[in-house]
Structure formats: C-alpha cells, structure tokens
Amino acid sequence: MTSLTATGLRELTWSQIVALIWGRWLMSLAFRIVYPLLAFLAAGFTIDLSAASLLITVQVAASLLSPLGGALSDRFGDRVTLIWSSAIFTLGATICAFSNAFIPFMIGYAVIGLAIALGMPALQSYVSARSRYERRARMLGALELSWALSALIGVPLATAIAERFGIGAVFGSLALAGASMIGLYAILPVDPPALAPSHPAGSSTSAANTMAVLRQPTVVAALGFILIQLAAVELIFVSYAGWLSSVFGATTTQLGLVFALLGLVELIGSLTATLFTDRIGKRRAVLAGFALVGIWLLLLPLSGSWPVFLAVLLAFDLCFEFAIVSAFPLFSGLSARGRGAILAMMTACIGGGRILGSLAGPWITATAGYTLNSMLAGGLVLLGVGLGVWMIREGRV
C-alpha cells in the first residue's frame with residue numbers, strides 16, 4: 001500500500017495500520033473496562049456503587065473535550081497530537097495503578113478520558129488523510145473493529161487480571177501499553193507539507209478557517225444529525241436491562257448473555273461496515289442504517305416474548321453499529337483542512353448525545369414506561385434521518 005492519495009500522501013502500510021489499530025483498541029478498552037469493574041472498584045475503595053459510577057460520568061464528560069483535540073490536531077498535526085495523547089494516557093493509567101483511594105483513582109481515570117478525547121479525532125484524521133475516499137470506510141472500519149474486540153477480548157482479560165492480581169495490575173498493564181503507543185506513533189510518517197500544521201504566526205487565520213468549516217450548512221447538519229441519533233439510541237441502551245428484568249424476568253446470568261451477544265453483534269456490524277460501506281456509498285449507508293434503527297425501535301415495544309424482544313434488540317444494535325461506523329468516513333470527507341475539527345466535534349456530539357439520553361432515559365421510563373421511551377427513541381432517529389436526507393451532502397476529500 002504505497003500509492004499516493006489525492007492529497008499527495010502515501011497510504012499506510014499494513015504494519016502502520018496494525019499499530020494504529022492497537023492504539024484504538026487500548027482507547028476502547030480503557031473506556032469500556034470500568035463498566036464490568038464498577039462493583040469490584042466499589043468494594044476495593046469501600047464506596048457505594050453510585051459513587052463508583054461517577055467514573056462513567058467522568059469518562060463520558062471527557063469526550064466533550066474532543067474539540068480541543070481537533071484544534072490541536074489541525075494546529076500541530078495528527079501525529080504530534082497522537083504522541084502527546086499517548087503520553088497523557090500513560091500518565092493517567094499510572095496514577096490509577098498506584099491509587100490507594102477513590103479520588104486519586106478518579107483523577108487518573110479523568111486523565112485517561114482526556115487522552116482519549118485528544119487522541120481519537122487525531123487518529124481518525126490521520127488515517128483519513130492517508131486513505132483514498134473510495135476505500136476510507138474500509139480503513140476506518142478496521143479501526144472501529146477495535147471497539148467490539150475490546151469487549152470480546154480485552155474486558156474478559158482485564159477482569160481476570162483484576163480478580164487475580166488486583167486493579168493496580170490492570171492499570172499498570174495499561175500504562176505499559178500506553179508507553180508502547182508513544183514509541184509506535186513516534187515512528188509513523190510525519191504530516192507532509194500538503195497538510196502540515198500552520199505556522200504559529202498564522203494561528204488566528206487557521207482558527208478562523210476552522211470555524212468557517214464548522215459553520216458550513218452540511219457540517220452543521222451532520223453534527224446535529226449525529227447528536228440526535230446518539231441521544232435517541234442511548235434512551236434504549238440505558239433502559240434495556242431494566243426492561244428485560246421487569247417485563248421478561250431476566251436473571252443476572254441472562255443479562256450477561258445479552259451483553260455478550262451485543263458485543264458479538266457489534267463486531268458483525270463493524271465488519272459489515274468495513275466491507276460494504278464503500279461499495280454502498282457512505283451517505284446512503286449511514287441514512288439507510290439509521291432508518292432501520294428507527295424502525296427496529298418502533299417495533300421493540302410490540303415484542304410479546306423474550307426471544308422476539310431479544311431478536312429485535314440485536315437487530316437494532318447491529319444496524320446501529322453499522323450506521324455509526326459508516327458515519328466516520330462520511331464525516332471525514334466533508335472537509336480536508338478542517339477534518340480534525342469535524343471529527344472532534346463529531347466525537348463531542350456523540351458524547352453529548354449519550355449524556356442527554358442517559359439523563360432522559362431513566363426519567364422517561366419512570367414517568368411514562370418503556371414503551372413510550374422506545375417509541376420516542378424511534379421517532380427521534382427517523383426525524384434525524386429526515387434531517388440527513390434533506391441537508392447532508394457527501395464530500396469526497
């Protein structure tokens with residue numbers, strides 16, 4: 001893979017792709033690991049579960065800092081931002097590894113969240129800039145496979161280490177892995193003159209250009225679209241376990257099986273997007289995928305039995321994973337110069353949507369029940385699809 005892209009950049013070699021996938025996998029693992037370890041952490045730090053769950057809030061809130069990562073990426077370059085984010089990741093994991101109390105641990109985890117917020121847009125921008133638009137979904141999709149693989153491989157490994165050696169060993173391993181990221185990113189090809197960061201004297205001009213890109217109608221519509229979609233689907237993600245337990249009497253073991261099945265479905269959805277989004281067309285794949293998400297959500301309350309409910313839930317998650325993975329290459333092509341900022345704002349909108357959905361979901365369920373919650377989610381998704389059909393146009397850079 002040594003051909004030149006339209007911007008004059010040489011495409012990534014397979015060894016470089018593997019290094020970037022490794023970095024993405026570590027970010028995903030650090031993000032997801034806290035969910036199964038909440039009870040373990042609560043017991044280890046002698047706090048209640050609600051206090052331990054603040055770690056999730058801190059992690060999601062950190063994603064709102066992604067625009068800072070996009071600004072750094074557009075200002076100093078993707079590679080430099082990746083190196084610094086890896087150093088911050090290693091620092092945060094080290095703090096967690098040596099923490100004997102919850103507050104220092106939460107500070108360390110917040111530092112990890114900051115590193116992910118800074119590094120994720122730079123990682124996606126770096127790969128986007130070094131791949132032709134016609135095959136970019138394949139490249140970014142390979143990165144996004146790491147999200148599902150972190151749940152299927154990383155989380156079981158981390159929980160086994162925690163049970164045998166303690167939580168310090170888990171985050172100590174993450175710190176060592178973070179240090180390896182620094183070295184791997186340091187040997188990546190530098191940003192060439194075609195997309196090199198601006199000279200310090202032109203920083204205000206660069207910022208003005210970035211803001212001009214973010215104000216383009218298609219970009220604004222795309223960001224609003226993704227915010228609506230994530231807020232809507234999070235209404236279901238925060239309530240499906242309670243729905244299964246209260247309506248169908250699901251046991252803890254059955255809920256664990258559902259989580260494992262969702263992880264497998266995520267992998268299938270990511271793989272499908274990786275293989276077929278370029279062929280289908282990125283805009284078409286995103287809009288069709290989310291349209292199916294909305295339909296499945298409207299059908300979910302009609303499920304009269306456990307097997308039917310589970311089948312519809314898995315179909316919903318499959319389509320969602322396909323659609324969200326397809327969205328990254330679509331967003332990456334909206335602008336070349338402001339690519340880092342757009343991808344960073346996308347990450348922030350994903351985090352913001354999740355926060356809105358996680359706050360509204362339990363309240364809607366308690367007030368009006370699971371049925372209205374799901375119908376509202378489906379309606380919002382389809383409303384967002386309508387916005388996308390009307391205003392989102394596909395770029396090719």
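Throughout, read-outs are computed from the coordinates displayed, never taken from laboratory work. Everything numeric in this text was worked out from a predicted model, so none of it was measured. All Cβ positions, even for glycine, are placed from backbone atoms using ideal geometry, and neighbour counts span all protein chains on display.
A few notes on this one:
- Computed over neighbours whose Cβ is under 15 Å from that of F320, the net charge equals -4, Lys and Arg +1, Asp and Glu -1.
- Summed residue charge, Cβ within 13 Å of Q229's Cβ, Lys/Arg positive, Asp/Glu negative: -1
- Charge dipole (the range 254-380, unit charges on Cβ, about Cα centre) - positive-most of L330, I268, L313: L330
- Charge dipole (Cα centre; +1 on Lys/Arg Cβ, -1 on Asp/Glu Cβ; no other charges) of the chain amounts to roughly 960 debye.
- Computed over the chain: relative contact order in percent, which uses C-alpha pairs under 8 Å that are six or more apart: 25 percent
- Only alpha carbons enter this Debye calculation for the chain, each as an equal point scatterer, and the log10 of I(q)/I(0) it gives at q = 0.06, 0.08, 0.09 Å⁻¹ is -0.22, -0.41, -0.52.
- Taking Cβ atoms as reference points and 13 Å as the exclusive limit, the residues near G141 contribute a net charge of +2, counting Lys and Arg as +1 and Asp and Glu as -1.
- Cα-based shape type of the range 15-81, given that a ≥ b ≥ c are square roots of the gyration tensor eigenvalues and the cut on a/c is 1.5: oblate
- Each peptide in 310-322, 97-109, 341-353, 278-290 was scored by the mean count of other Cβ atoms within 10 Å over its residues; highest first, the order is 341-353, 310-322, 278-290, 97-109.
- One quarter of the convex hull surface built on the alpha carbon atoms of the range 144-191 amounts to 4.2 nm², the projected area averaged over directions.
- Extreme residue, positive dipole direction of the range 243-397, given options V258, G386, G289 (C-beta unit charges): G386
- Length gained on full extension, F259 to A61: 68.9 nm, using 0.36 nm per residue less the C-alpha separation.
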